[in-house]
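Encoded as structure tokens, the structure appears first; notes follow it.
Throughout, read-outs are computed from the coordinates displayed, never taken from laboratory work. All values derive from a computational prediction rather than experimental measurement. Cβ coordinates were reconstructed from backbone atoms using ideal geometry, including for glycine residues, and neighbour counts include every protein chain displayed.
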Amino acid sequence: MPEPEVTAAVKAKFPQATDRASLDHPAVNLPAADVPAALACLRDEFAFDMLTDLTAVDWSSAASPRFTVVYHLFSTARHDYIRVAADCPNDAEPAVPSVCALWPGANWHEREVYDMFGIGFTGHPDLRRILMWDGYPHFPLRKEFPLAGIETPLPDAEVAAETHASVKPAPLMGGPFVASSGQVNLGAAEPGGKDESWTERHEKPE
Amino acid sequence: MVTANTELAYDSKIEGEVIVTRADAVINWIRSNSMWPMPMGLACCAIELMAAGASRFDIARFGAEVMRFSPRQADVMIVAGTVTYKMASAVRRIYDQMPEPKWVIAMGACASTGGMYRSYAVLQGVDRVIPVDVYVSGCPPRPEALLDALILLQNKVKRTPSAKNLLSA
């Protein structure tokens, strides 16, 4: 089936679906509540049998809706992709329905999105953090979270008491790390932070 | 056929063949030439650690070929790779389970300083949770660099007042 017909069929079946701007594959926007039914329809009727990616976008704390969950489906029969995006209705406590029942592989993807963005997946069988440790108080891929990190106690209180170590912000100090290719001087070509005017102890000049 | 050339070590007429030395020299000689590593392989440095243990570089030449995956049987922890904050507590607990005397080699940029990973997730040097004896630069270091670190560590062990430490323990 040619690509426009898939999106047209999805829009016929789910009246609230709209076309989503896309430079590559066909894409639709859907209300979060319709996502499990729409993905089940795509899987069973249009042979999009593989969930290749499940991720999210944070449009910044000023935007509303703030979070969008994005699904990429692949059809191993027709070698087509389709992208489905759903805005989270609640900006403060974002949540969308889980699709673990459709693809067991969605389980860890949804845990990762929960870990990094704090987006809940209602109906997920085991929604825990997957990369950061249980009890970590922040969601690192949210826009307000600095890459350097925020001071936090270590996950293990005993080790923290023994070592007096904690999670310390680590600013890039001259980074991001870039390589200057084509340099005759190998020291200058080495990937590294090129701006050495600030460190952990000296503030970055404005 | 092995000849029974045992006279030097097991001669009953012991008077003529006593070897006089210091307790420190004997203890340190034994310790430094049989350092069993605890391979704390956390990232790509572990591949170079494996190369150091394999036939071309052959860490057995320095008596450190017995990689022990139980910390209770290890002498030197080789931290080879990126230590995340989530892993840091486990590294510390494994270190705590190693019997004294024990040493630590921080292998590579990540274990020494956090390396290129200046982020919310990576411990900026394993010396923030365990004491490190030798740091190895490189990303990852060549196996020769690790062997050099091992030789440096052996020299450090040979300078230790081991007998005094044992008696005062």
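If the condition is being surrounded by fewer than 17 Cβ atoms within 10 Å (Cβ to Cβ), of a type outside the set (D, E, K, R) and more than 29 Å from B:Tyr117 (Cβ to Cβ), then segment B:37-73 contributes B:Ser55, B:Ala60, B:Gly63, B:Val66, B:Gln73.
Put simply, of A:Leu30, A:Leu39 the only residue that is assigned to a helix (DSSP H, G or I) and surrounded by 20 or more Cβ atoms within 10 Å (Cβ to Cβ) is A:Leu39. With respect to the stated conditions, B:Val79 is away from chain A (no Cβ under 14 Å), buried (at least 23 other Cβ atoms within 10 Å of the Cβ) and not small (Gly, Ala, Ser).
Find the residue count for segment B:118-169, including only residues that are basic (Lys, Arg) and closer than 18 Å to B:Ala51 by Cα.
Here is the first cut: in segment B:118-169, the ones basic (Lys, Arg) are B:118, B:128, B:142, B:156, B:158-159, B:164.
After this cut, where a residue has to be closer than 18 Å to B:Ala51 by Cα as well, the list is B:142.
Qualifying residue count, segment B:118-169: 1.
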